[in-house]
Amino acid sequence: MRAVLCGANGAMGKLIAGILGDEVVGRVSIDGENGAAKTFAELGAVDADVVIDFSHHTAVSDVLAYARRIHAAAVVGTTGHTSEEKQLIMDAAREIPVFFSGNMSLGIAVLCRLAKQAAACFPDADIEIVETHHNRKVDAPSGTAHMLFQAIREVRPNAVEHCGRAGEGKRTQDEIGVSSLRMGGVVGIHEVHICTGNQRLTLRHEAMSREMLAEGAVDAARFIVGKEAGLYGMEDLLGC
């Protein structure tokens, strides 16, 4: 596999590069350091199978345009996309294979599946999602929290995502609360609380190292290379 890394000098980019080694055939980073090009225009056309992006969600237009230009697949690992940026991803998936996930962890993919199953088993339960990350994380709630909500919404089509809780007023039956904590160096903790009047089920995933995400991104890249055009995610990668 031949890969181009966008955000190559970031924490995730360096971890992915360490796993891929000589399979990295192009690097892009806004700082232009360590031999990376500052832009895709500066990098030029590279013979690559996949473009892996862990830069910033605002770069997704350039990432997808470059992947389409060189006829490569794309792995979008950034979060915090606007509705317009998400539409760009959908549009690109009509031409090239695009792997898009708010979290590249296989464990999180399993958590989404379990949360959906549990929500179906307790249709009247209150559900709350709590995510915790390090104090440098910019977006809130996390892309993973949104993933969990969307998974639950598949079995609760009337569910409404309620981010943060303040002021007065009772929660509604269709409401799924999403709360965010930012502190210290926490890599990532996601919890789903499912509570009836008599019992509570808590599903929890804790990331011990960012290497988990880098490994997942590489798995996603190897999975998507050679696939037909379309939008792929962690559920496709699980394959079980």
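Residues considered: Ala74, Ala8, Ala67. Of these, the only one that is surrounded by 22 or more Cβ atoms within 10 Å (Cβ to Cβ), assigned by TED's automatic domain parsing to the domain that holds Gly226 and in a loop (DSSP other than H, G, I, E, B) is Ala8.
Taking the residues in segment 87-145 that are of a type in the set (Lys, Arg) and part of a loop (DSSP other than H, G, I, E, B) as candidates, determine which candidate is modelled with the highest pLDDT. Among them, the one singled out is Arg94. Within segment 207-224, restricting attention to residues that are more than 15 Å from the chain's Cα centre (by Cα) and modelled with pLDDT under 95, the residue that is nearest to Phe99 (Cα to Cα) is Ser209. Screening Thr144 with (1) more than 22 Å from Thr79 (Cα to Cα); (2) in contact with a Gly (Cβ under 8 Å, 6 or more places away or on another chain) gives one miss only, at (1). Is segment 76-84 home to any residue that is within 15 Å of Asp236 (Cβ to Cβ), within 18 Å of the chain's Cα centre (by Cα), at pLDDT 95 or above and of a type outside the set (S, T, N, Q)? So far as segment 76-84 goes, yes, one or more of its residues are within 15 Å of Asp236 (Cβ to Cβ), within 18 Å of the chain's Cα centre (by Cα), at pLDDT 95 or above and of a type outside the set (S, T, N, Q).
Does segment 16-36 contain any residue that is under 18 Å from the mean Cα position of the chain (by Cα), modelled with pLDDT of 95 or more and assigned to a helix (DSSP H, G or I)? Yes, there is a match, as at least one residue in segment 16-36 is under 18 Å from the mean Cα position of the chain (by Cα), modelled with pLDDT of 95 or more and assigned to a helix (DSSP H, G or I). Going by the structure shown, is Glu161 in contact with a helix residue (DSSP H, G or I) (Cβ under 6 Å, 6 or more places away or on another chain) and under 23 Å from His81 (Cα atoms)? Here the answer is yes, as Glu161 does meet what is asked.
Only a single criterion out of (1) touching a Leu at 6+ places or on another chain (Cβ under 7 Å); (2) basic (Lys, Arg); (3) over 30 Å from Arg68 (Cα atoms) is not satisfied by Arg171, namely (1).
Would you check if Ala41 is surrounded by fewer than 20 Cβ atoms within 10 Å (Cβ to Cβ) and modelled with pLDDT under 95?
No, not satisfied.
Checked against (1) outside the structural domain of Phe122 (by TED's automatic domain parsing); (2) closer than 14 Å to Asp126 by Cβ, Ile176 passes all but a single condition, namely (1). Summed over segment 190-225, the residues that are hydroxyl-bearing (Ser, Thr, Tyr) and in contact with a Ser or Thr (Cβ under 9 Å, 6 or more places away or on another chain) give a count of 0.
All conditions in (1) assigned to a helix (DSSP H, G or I); (2) surrounded by fewer than 17 Cβ atoms within 10 Å (Cβ to Cβ); (3) among the charged types (D, E, K, R) hold for Arg165, with the sole exception of (1).
Within segment 220-240, the set of residues being outside any strand (DSSP E or B) and either under 17 Å from Asp91 (Cβ atoms) or of a type in the set (A, V, I, L, M, F, W, C) (or both) comprises Ala220, Ala221, Phe223, Ile224, Val225, Glu228, Ala229, Gly233, Met234, Leu237, Leu238, Cys240.
The values are calculated or read from the model by the stated rules, or taken from the named source; none is laboratory data. Since the model is a prediction, treat every value here as computed from it, not as a measurement. Reconstructed Cβ throughout: ideal geometry from the backbone, glycine too, with neighbour counts over all protein chains shown.
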